[in-house]
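Written out below as structure tokens is the structure these notes cover.
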Amino acid sequence: MADSSDVPHDGSWRSASWRTQLRRRLLTWFTTSARDLPWRKTRDPYAIWVSEVMLQQTQVATVIPYFERFLRDYPTPAALAAADEAEVLRRWEGLGYYRRAKQLHAAAKRITAEHGGRFPETFEAVLALPGIGRYTAGAVLSISRDQRLPVVEANTLRLYSRLIALRQPPTATAPNRLLWEVAAAILPRQQAGRFNQAAMELGALLCTPRNPDCERCPLRSLCPTRREGLQEEIPGKVRTLQYEDRSHVAVVAQHEDRFFLRRCPPGGHWAGLWDFPRYDLTPAAALPGDALAAEVERRFAAEFGFAVRLGEKLKTLRHGVTRFRITLDAFTAEANRREADSAECGWYQPHEILDLPLNTTGRKLSRLLP
DNA sequence: AAAGCGGGGTG
DNA sequence: CACCCAGCTTT
């Protein structure tokens, strides 16, 4: 049984005076150095929750316009709960990781049904909502209500690893438990929300992964990692990701002035979003051109029950997703007749496609249509 | 081209 | 505890 007390690190954080110094310096620094971000102008837990979910896997500059639009269109949990999922996905389009939007929508419905439309204010109730874990629950309730709850995410993970000179990979079980312990111990009694924001901001602006700006850091004299010159070694590397190449083919089928799209099935990738039919043909090198077209036509007919004939290559798109690097060859295709639309697929004119929630490659291909 | 973000859910 | 998640920006 791994115990956090066995994890090699610097124990200064256990000293009350060290923690007092840290709090004072960090909060003072935040007063002068905090970025002016839209979600810092509110104490509405709903708005802060939306920002926290958007900020997962996505950077600040990307999130800002999405956040402002989302709050304008859905100013309350009830407004979000009343929206169609497709409409929510359309507003999320481009942010990626669409499960976040679906969970946000589902949680808004739960808040409306179970909490009378008011964002819950106990840690347990917030944690019980879909898409909300320990970090997000702590962030929302500390920032909006100053509840004394710790947060450990990428920025604080790195900052706290350095403040305790953590000598092990920070995501391993025992080191991670220790980091949460540290995050809880250093919180002030008052202003826990400002403190958490300050810690994350310091990690984002100064205590960066590479070349941290220790000269400007208000915590430099408290930092054992800086003292020992280990900034590039701490936190330890988790592991290097091995990319995997994939070859996909998309079918842009046309009949008169309409194009065929389908909804991605539940449980799979891009679930609930629309896209042109696409097929994984890895490894593509094994198939000569004719055989590739025949294989795609076969799969298309098997899936949708009508035939198309592949034409020329419309476009090659390369996109990376998690550990995959995908080369997507999009082909035009002709359908002899038009099958009836269903809830899962159908024929659309280009102007109708504008209103469908599409994944990024689907949207890029749709812009090539007449 | 590679690195970094990135917590939540599942099994 | 390991693995998955179907994109984007920065370096």
Could you tell me, in Å, what Rg and Dmax come out for the Cα atoms of the stretch A:119-190?
-> 12.8, 39
Within straight cross-link reach of A:Lys313, meaning Cα distance under 20 Å, which lysines are found once same-chain residues fewer than 8 apart are removed?
-> A:Lys364
Grab the Cα-Cα distance for A:Glu215 and A:Thr322, subtract it from 0.36 nm times how many residues apart they are, and report the gain in nm with one decimal.
-> 35.0 nm
What aspartates and glutamates sit close enough to A:Lys109 to cross-link, taking a C-alpha to C-alpha distance under 17 Å and skipping anything fewer than 8 places away on the same chain?
-> A:Asp73, A:Asp84, A:Glu85, A:Glu87, A:Glu121
Chain A: antiparallel bridges as % of DSSP beta bridges, rounded to 5, reads 65 percent
Could you state the principal axis extents of the C-alpha atoms in chain A, from the largest down, to the nearest angstrom?
-> 79, 50, 41
For the stretch A:219-370, treating each Cα as an identical point scatterer without solvent, what Debye log10 I(q)/I(0) comes out at q = 0.10, 0.14 1/Å?
-> -0.44, -0.70
Mind grabbing the accessible area of A:Ile111 for me, 1.4 Å probe, Å², rounded to tens?
-> 0 Å²
Mean-square fluctuation maximum in Gaussian network of chain A, Cα pairs under 10 Å, restricted to A:Phe306, A:Phe70, A:Phe260, hits A:Phe306
With every protein chain kept in place and a 1.4 Å probe, the residues A:His351, A:His105, A:His255 fall, from largest accessible area down, as A:His351, A:His255, A:His105
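Before anything else, pin down the relative contact order of chain A: Cα pairs under 8 Å, at least 6 apart, normalised by residue count, whole percent.
That works out to 17 percent.
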Under a GNM of chain A (C-alpha, springs under 10 Å), which listed residue has the highest mean-square fluctuation: A:Ala301, A:Ala330, A:Ala106?
-> A:Ala301
Using a 1.4 Å probe over the heavy atoms of the protein chains, calculate the carbon and sulfur portion of the accessible area of the stretch A:4-227 as a whole percent.
-> 50 percent
Pull up the cross-link candidates among the aspartates and glutamates for A:Lys315, meaning alpha carbon to alpha carbon under 12 Å and not fewer than 8 places away within one chain.
-> A:Asp329
Counting only DSSP loop positions in the stretch A:172-252, the chymotrypsin sites (Phe, Trp or Tyr not before Pro) whose Cβ has at most 16 other Cβ atoms within 10 Å are A:Tyr243
FRET efficiency, A:Glu256 to A:Asp6 (Cβ-Cβ, R0 51 Å, nearest 0.05) = 0.15
If you wrap a convex hull around the C-alpha atoms of the stretch A:27-109 and split its volume per residue, what is the figure in Å³?
-> 95 Å³
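Can you tell me the accessible area per residue over chain A, all protein chains present, probe 1.4 angstrom, in square angstrom?
For chain A, the solvent-accessible area averages 50 Å² per residue.
GluC sites (Glu not before Pro), restricted to the stretch A:265-365: which are DSSP loop and have at most 16 other Cβ atoms within 10 Å?
Answer by residue number: A:Glu339, A:Glu344.
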Would you rank A:Met54, A:Met200 by solvent-accessible area, highest first, keeping every protein chain in place and using a 1.4 Å probe?
-> A:Met200, A:Met54
Could you look at the stretch A:244-366 and say what percent of its accessible area is carbon and sulfur, using a 1.4 Å probe and all protein chains?
-> 50 percent
Evaluate the relative contact order of the stretch A:196-332 (contact order divided by residue number), counting alpha-carbon pairs under 8 angstrom at least 6 apart; express in whole percent.
-> 24 percent
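The values are calculated or read from the model by the stated rules, or taken from the named source; none is laboratory data. Please read these numbers as outputs of a predicted model, since none were measured by experiment. Neighbour counts are summed over all protein chains in view; Cβ atoms, including those assigned to glycine, are modelled from backbone coordinates with ideal geometry. Areas reflect the complete protein model, heavy atoms only, side chains present, ligands, DNA and RNA absent. Shrake-Rupley method; radii C 1.70, N 1.55, O 1.52, S 1.80 Å.
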